[in-house]
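*Asks:* One structure, as structure tokens, below. Some questions next.
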Protein chains: 2
Amino acid sequence: MNISEAAKLSGLPAKTIRYYESIDLLSPPQRSANGYRHYQKADINYLCFLRQARQFGFNIEQCRLLLDLFKNPQRRSTEVHQLVSDKLEEVDTHIRELGETRDLLAQLVGACANDEKAECAIIDTLAGQQEQGQILGESKQ
Amino acid sequence: MNISEAAKLSGLPAKTIRYYESIDLLSPPQRSANGYRHYQKADINYLCFLRQARQFGFNIEQCRLLLDLFKNPQRRSTEVHQLVSDKLEEVDTHIRELGETRDLLAQLVGACANDEKAECAIIDTLAGQQEQGQILGESKQ
DNA sequence: CTAAGCCTTACAGCAACAGGAAGGTCAAGA
DNA sequence: TCTTGACCTTCCTGTTGCTGTAAGGCTTAG
């Protein structure tokens, strides 16, 4: 099948499939006489695998490792487990950091008068704890 | 003061300061006779403001808007409030999505035997589904 | 014969910088 | 005076994971 059919079956854009090939994440498929890429069932499986892995948040290098494991009948499940555990930790860290940011933003939102005046606690906070009378950005030319 | 001093005081790398200037986030500073950038106190305040805003997760365009408000004594705090509220919502959405990913990853980790055998529920899951929304919990093995 | 709808490659661009090359400037020390 | 090292400058490339667009070739239907 041609690339657009592979794209439809795998759920990945044709562009992305070509891109994965260009970075050697996928091995080059067969080509028809006219130069068109020609995909087979196994290729579709790899593409689906990659789409899923990307949806789970794995980056390209992690996908490369996972795909290698997928293709390797001699793999040990503990290797896969390790990769996914690491990713889980990574995502947890990210969530924690974002949570802190969210709380800070919520504080800002709560502190702002939200009215027609220029005075704004958010601006003051972002500007840093300047001394009174020295709130810059409003002073000087 | 020169750029390295401005960098030290603002907490931003000199590279970043030049970058902000190059994208017109900062207006070009004065130059000394030798061509060196020369910063003043107000510039440092803008830099600090931008560093803070970036730390709060605002992207460059949002920083641009915030900085405009910062510089504008005729601003209404409600405008600032709106920007920050939007950002808060954005971050909340992101956290929710990441949370879903995390839960799915945790399910994968829990489902894997984590041993020396090749059989691996994670691999099966990543390979198995071709339709979205069918990520976990299907029988199939 | 032409138009559409595929396919190909190759280059540009997104965010938000970081790294490095190549070269100019400045202050201090031998 | 010369040299060294620490600054500074601009310009170019690379990062991640694609997406958009251009310019052109192939295929099929009318």
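The values are calculated or read from the model by the stated rules, or taken from the named source; none is laboratory data. Note that this is a predicted model, so its numbers are computed, not measured. Note: ideal-geometry Cβ built from the backbone for every residue, glycine included; neighbour counts use all protein chains shown. In case anyone asks, the SASA skips ligands and DNA or RNA and just uses the protein heavy atoms, side chains included. Shrake-Rupley method; radii C 1.70, N 1.55, O 1.52, S 1.80 Å.
*Asks:* Can you find even one residue in region A:26-49 that is under 30 Å from B:LYS87 (Cα atoms) and part of a helix (DSSP H, G or I)? Spell out how you get there, then give the answer.
*Replies:* Of region A:26-49, the ones under 30 Å from B:LYS87 (Cα atoms) are none.
No, region A:26-49 contains no residue that is under 30 Å from B:LYS87 (Cα atoms) and part of a helix (DSSP H, G or I).
*Asks:* Just to check your reading of the model, which residue among A:THR93, A:THR78 is closer than 16 Å to B:ILE123 by Cα and away from DNA strand C (no atom under 16 Å from the Cβ)? Even if it seems obvious, please write down each step before you answer.
*Replies:* Working: A:THR93 fails: closer than 16 Å to B:ILE123 by Cα.
Among A:THR93, A:THR78, only A:THR78 is closer than 16 Å to B:ILE123 by Cα and away from DNA strand C (no atom under 16 Å from the Cβ).
*Asks:* Scan region B:1-24 for residues that are within 12 Å of DNA strand C (Cβ to nearest atom), more than 14 Å from every other protein chain (Cβ to nearest Cβ) and either assigned to a helix (DSSP H, G or I) or surrounded by 12 or more Cβ atoms within 10 Å (Cβ to Cβ) (or both) and report the count.
*Replies:* Selection size over region B:1-24: 14.
*Asks:* Return the residue satisfying two criteria in turn: it lies in region A:51-65 and is charged (D, E, K, R) and either away from DNA strand D (no atom under 11 Å from the Cβ) or farther than 22 Å from A:ARG76 by Cβ (or both), and of such residues it is least open to solvent (accessible area, probe 1.4 Å). Show your work before the answer.
*Replies:* Initially, region A:51-65 is screened for residues charged (D, E, K, R), giving A:51, A:54, A:61, A:64.
Remaining after also requiring either away from DNA strand D (no atom under 11 Å from the Cβ) or farther than 22 Å from A:ARG76 by Cβ (or both): A:51, A:54.
Numbers: A:ARG51: 12, A:ARG54: 101 Å².
Looking at the filtered set, the residue picked out is A:ARG51.
Here's the yes/no breakdown for (1) open to solvent by 60 Å² or more (accessible area, probe 1.4 Å); (2) assigned to a loop (DSSP other than H, G, I, E, B); (3) within 7 Å of chain A (Cβ to nearest Cβ):
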residue	(1), (2), (3)
B:ARG75	no, yes, yes
B:VAL80	no, no, yes
B:GLU89	yes, no, no
B:ASP92	no, no, yes
B:GLY99	no, no, yes
B:ASP115	no, yes, yes
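*Asks:* If I filter region B:59-70 for residues that are within 14 Å of another protein chain (Cβ to nearest Cβ), part of a loop (DSSP other than H, G, I, E, B) and away from DNA strand C (no atom under 12 Å from the Cβ), do I get at least one hit? Before you say what the answer is, go through the steps one by one.
*Replies:* Step one: filter region B:59-70 for residues within 14 Å of another protein chain (Cβ to nearest Cβ), giving B:59, B:62-70.
This time we only want the ones that are part of a loop (DSSP other than H, G, I, E, B), so: B:59.
Within this subset, residues satisfying the condition of being away from DNA strand C (no atom under 12 Å from the Cβ) are none.
No, every residue in region B:59-70 fails to be within 14 Å of another protein chain (Cβ to nearest Cβ), part of a loop (DSSP other than H, G, I, E, B) and away from DNA strand C (no atom under 12 Å from the Cβ).
*Asks:* Still on this structure: What residue, among those in region A:25-50 that are open to solvent by less than 40 Å² (accessible area, probe 1.4 Å) and more than 9 Å from DNA strand D (Cβ to nearest atom), is farthest from the other protein chains (Cβ to nearest Cβ)?
*Replies:* Let us first name the residues in region A:25-50 that are open to solvent by less than 40 Å² (accessible area, probe 1.4 Å), namely A:25-26, A:29, A:35, A:39, A:43-44, A:47-50.
From what's left, more than 9 Å from DNA strand D (Cβ to nearest atom): A:26, A:29, A:39, A:43-44, A:47-49.
Details: A:LEU26: 15, A:PRO29: 19, A:TYR39: 14, A:ASP43: 13, A:ILE44: 8, A:LEU47: 10, A:CYS48: 5, A:PHE49: 5 Å.
In this case the residue turns out to be A:PRO29.
*Asks:* Within the group A:LYS8, A:LYS15, which residue is farther than 24 Å from B:ASP115 by Cβ, within 9 Å of DNA strand D (Cβ to nearest atom) and among the charged types (D, E, K, R)? Show your work before the answer.
*Replies:* Details: A:LYS8 fails: within 9 Å of DNA strand D (Cβ to nearest atom).
Just one listed residue meets the conditions, A:LYS15.
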